[in-house]
Amino acid sequence: MFSKLAHHSLILLCLLPLAKADVVIPKGAAGWNYLHVTDGIDPATADADFTTTWFHPTTGGYVGGDYDGPAFITEAPAPFHFGVVDGLAGGTELPSVGTGIDRTSYFYLVFDGGDGFGGLELSLLADDGAFVYLNGTLIARDGVDDPDTFQQLAALGDESAYDEIPLLGTPVVQPGANLLAISVHQNTTLSSDLGFDLELRGTPVSSLQIVRGPYLQSGGPDRMTIRWRTDQPGTSVVHYGDAPGSLDSTFILPGSSTEHVATLTGLAPDTTFFYQVETTDGSSTAAAGGDAEHHFSTSPPPGSRKPTRIWVTGDTGTTTAAKQDVYNAYLSRTGAAATDVWLMLGDNAYEDGTDEEFQAALFDAYPELLRKTPLWSCIGNHETVTAAGAPYLDLHTFPTAGELGGIPSGTERYYSFDHGNIHFIAIDSETAGNYDDAPGNGGMIDWLEDDLQATDKDWIIAYMHHGPYTRGTVDSDSTDHLVEMRHYVVPLLEQYGADLVIYGHSHVYERSMLINGHHSAMSLADSSSTTFDPLLHVVDGGNGSSVGGVDATSNFATDGGDGPYQKPAAAGGAGTVYVTCGASGKLSGWANGSWDSLNPDPHPVFSTGLLAMGSLVIEIDGNTLHAIYIDQWNSLRDDFTIIKGSTIGISAADPDFSEQGPDDTAVFNLTRSGAISFAEDFLYQTGGTSTAGVDFSPALSGTTSFAAGETNRQIVLTRMKDQEAEGPESIGIELVTAATTVAGGNAPRQRYFLAAEASAEATLDDSPSQQWWFESFGAATPGPEEWKLDTDGDGLSRIEELAFGGSEGTNDRDRAPSADREGNRFVMRYFRRPSIPELSVQVQRSADLSAWETDGIEDDPDGPVQPAGTEPWKSSIEASGDAGFLRLRLDLEN
């Protein structure tokens, strides 16, 4: 006994409905233009090109060809008819045409094709036949054969019903303006009627659209990431250049996607580029940009100290009008000035961090800034509600491999980057395993210390969602994520010299004094507000402002400023300012339930606590960080400045001195500004052609020291005479930078800043006689014998040429002294050069050629000063009966 196994096959046939065609041109459409010939004369007799031009003229927004034929009557409704045409009524009644003559009429309609249509279908009633054109191309014939001329007759007659007309090829309606034209022909010259109407249908072309962006990410000195989203997959292309009309470079990313992530590399630093993004799917193209509103600037070269503007917004995930007011206030405050860095502090999309919420709260809210400024963010608690933060991570591109400075993190949840002389660190205070990480696990805490140890930048700014100190929406004494930040994150930041820590989560504004050490010291020890000790933890308890301060009404008053915070550069544990900036999207009350404008029970680290929506604007220039909090009405609500390190400059107060004469010193002024409340040493190097200890004293050590509070010092150099004729000698002093590592760090940081005027030079001149020798004979050390030589054969020695205004290589005999008797006086005439103080010229007398004296000799000018500066003189003595002698004595002191 056995059984049979039956095999059954079931075939399911699923009948899918055909895509429904939309009506593109309805029956009875208005706006037609027509040429109805009633006299039987071919329009081509007036315009030889009529037959080839009438069906695609340039008109009504449609760009076709030139048409010079008879004018069409405009703006008429269909259907068109004369006589009795079954199936047509209303519309435009045409004048009747007599029998026995040719009669063909012409019609065209300009219509908007929207995003375009394909799969066209034509329903036509034409009495008696017709040619149909779309955008200058024949797409259908009904009862007629080529050619389409005025004399052409239709093959059939007396049409009375709409027919579906097969189309020639696969015509499409293009996006925008289109032109449909139809010529209607009689089947005989004896026909008593004519008319037509039609309906054109089609399937909408699915036009590619950019539905997000473009927006900028991960900008650096040599790169920029441009992202955008399309509703269908397509290519990723970026055109860019130095002007909207000069987008000469093109980036093409292989493949097809809806999420377009184009990272341009090889860019010049500190340069503005204009750009256009473009995506095509083979049938349509979508583009954005190519105008003055789509541009970005690469960051300055690493370490360069270019002024930088930073905008900080926290908890912006709402879509309220007040949030937009905060944005508009910032735009109004900054005007045309560029935003270099934009930091978002998390909770950027309420309530669940979905992609749709990001679209509404981020991309729809800040389109102008997103396309011009790279956006940086840290992850908040609302970002992780959906798929553990997947939408947030998917829409961002942050550096993970250290490609923009810093140590590779391997994750976009925490990372770092550099902008000029600023190091930014994004901390993950939300994700389990990161916010509660501990040293030695190879996780975020170890990465953070490595990153801090490796940076050599002047400024360090850290940002996170949950901050270490607040009594706003939450209390940092008892909220887990905030407590964890004080265990290991804050101790590391302060140890390695962080200047500013910014965070949100509390929907208020709070700002600390300059503090240090109020944390758990790399442990799990209690660091609640009850452990705060001003004597231990306050570095500067002022309000940090040179402008004013927050008054009792919570407004900012332009008086009462305590002055900027000062801290040394390249030093750890020197003070940090903490800012809660979580009110850019919404407000919540204080931790104790109060909704007062000023926090009635602030955390003790804070100088200011405001219940005011707004944003933080930071400007860093050299060694100065200046920050303001502006509210949604663009009112200033807080102001503080950190000056980090001092700036040293030098100038030559007395830059010239000489080996001869009263000007025996050169003076250099050293000026220190900035953070001057510390004693500090500065380094310099010397240069020039002079030699310390030979040409001037003292020998320069290469170091100058300022006491705490001291702002000015001088370096005074005193000449030292020598016997060398060597020409002017220079002494240059150039201030140089000095670097040191923060305790535990391995990257030297600059410990002071150089002013724009960081070098100066002085000149030590030879004595005039040495300069004359140098110009005449070159460098030498001439002694008495060399001065007595006559090397140009004019009878004057070198010292005589020097004294009498002569020069080497010329015949100076006429400058030699002369003697004569004038009346009862004996006179000697000579020249002397007064510009050489070390040279003495003296006429002496003697009776016996052994004892010489000047008694009785009268010295008088003997004429005007000569162009070369020499002066003619005469010396005379009364002639007597006794014999006597005169001589001219030259003495050169070197």
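A few remarks follow.
- Residue, surrounded by the fewest Cβ atoms within 10 Å (Cβ to Cβ), within the stretch 734-756, restricted to residues that are under 24 Å from residue 714 (Cα atoms) and in contact with a Ser or Thr (Cβ under 6 Å, 6 or more places away or on another chain): 734
- Among the conditions (1) crowded, with 19+ Cβ neighbours inside 10 Å; (2) more than 33 Å from the chain's Cα centre (by Cα), residue 449 misses just one, which is (2).
- Taking the numbered list (1) over 55 Å from the mean Cα position of the chain (by Cα); (2) at pLDDT below 95; (3) aliphatic (A, V, I, L, M) in turn, residue 21 passes all entries but (1).
Residues checked against (1) within 14 Å of residue 287 (Cα to Cα); (2) in contact (Cβ under 8 Å) with a residue 12 or more places away in the chain; (3) not in a strand (DSSP E or B):
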{"position": "225", "(1), (2), (3)": "no, yes, no"}
{"position": "229", "(1), (2), (3)": "yes, yes, no"}
{"position": "235", "(1), (2), (3)": "yes, yes, no"}
{"position": "239", "(1), (2), (3)": "yes, yes, no"}
{"position": "245", "(1), (2), (3)": "no, no, yes"}
{"position": "255", "(1), (2), (3)": "no, yes, no"}
{"position": "263", "(1), (2), (3)": "no, yes, no"}
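- Residue in the stretch 479-499 that is closer than 28 Å to residue 536 by Cβ, in contact with a helix residue (DSSP H, G or I) (Cβ under 8 Å, 6 or more places away or on another chain) and of a type in the set (Phe, Trp, Tyr) present: yes
One line per residue, one yes/no per condition, for (1) basic (Lys, Arg); (2) under 30 Å from residue 658 (Cα atoms); (3) in contact with a strand residue (DSSP E or B) (Cβ under 7 Å, 6 or more places away or on another chain):
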site	(1), (2), (3)
775	no, yes, no
786	no, yes, no
798	yes, yes, no
825	yes, no, yes
829	yes, no, yes
834	no, yes, yes
846	no, no, yes
875	no, no, yes
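- Being under 30 Å from residue 682 (Cα atoms), buried (at least 20 other Cβ atoms within 10 Å of the Cβ) and under 34 Å from the mean Cα position of the chain (by Cα) holds for only one residue in 497, 542, and it is 497.
- Of the residues 67, 62, the single one that is in contact with a helix residue (DSSP H, G or I) (Cβ under 7 Å, 6 or more places away or on another chain), among the hydroxyl-bearing types (Ser, Thr, Tyr) and buried (at least 18 other Cβ atoms within 10 Å of the Cβ) is 67.
- The stretch 674-685: number of residues that are part of a strand (DSSP E or B) and either loosely packed, with under 15 Cβ neighbours inside 10 Å or in contact (Cβ under 8 Å) with a residue 60 or more places away in the chain (or both): 5
- The set of residues from the stretch 349-404 being hydroxyl-bearing (Ser, Thr, Tyr), touching a strand residue (DSSP E or B) at 6+ places or on another chain (Cβ under 6 Å) and surrounded by 23 or more Cβ atoms within 10 Å (Cβ to Cβ) comprises just one member, 377.
- Of the residues in the stretch 642-663, not one is closer than 16 Å to residue 314 by Cβ, touching a Pro at 6+ places or on another chain (Cβ under 8 Å) and of a type in the set (Gly, Ala, Ser).
- Residue list for the stretch 401-429, restricted to those being more than 23 Å from residue 362 (Cα to Cα), without any contact (Cβ under 8 Å) to a residue 60 or more places away in the chain and among the polar types (S, T, N, Q): 409
- Residues satisfying the stated conditions in the stretch 857-879, i.e. small (Gly, Ala, Ser) and either outside any strand (DSSP E or B) or farther than 13 Å from residue 825 by Cα (or both): 863, 868, 869, 879
- With a requirement of 1 or more residues that are more than 21 Å from the chain's Cα centre (by Cα) and either among the small types (Gly, Ala, Ser) or not assigned by TED's automatic domain parsing to the domain that holds residue 394 (or both), the helices (runs of 4 or more DSSP H) lying completely within the stretch 289-375 that satisfy it span 321-334.
- One residue stands out in the stretch 648-671 among those that are crowded, with 21+ Cβ neighbours inside 10 Å and farther than 30 Å from residue 770 by Cα: the one that is farthest from the chain's Cα centre (by Cα), namely 670.
- Evaluation of residue 232 against (1) outside the structural domain of residue 51 (by TED's automatic domain parsing); (2) crowded, with 18+ Cβ neighbours inside 10 Å (one fails), failing number: (2)
- Residue 826 under 30 Å from residue 724 (Cα atoms) and buried (at least 18 other Cβ atoms within 10 Å of the Cβ): no
The values are calculated or read from the model by the stated rules, or taken from the named source; none is laboratory data. Just so we're clear, the structure is a prediction, and the values are computed from it rather than from any experiment. Quick reminder, even Gly has a Cβ in these numbers, built from the backbone with ideal geometry, and neighbours come from all protein chains shown.
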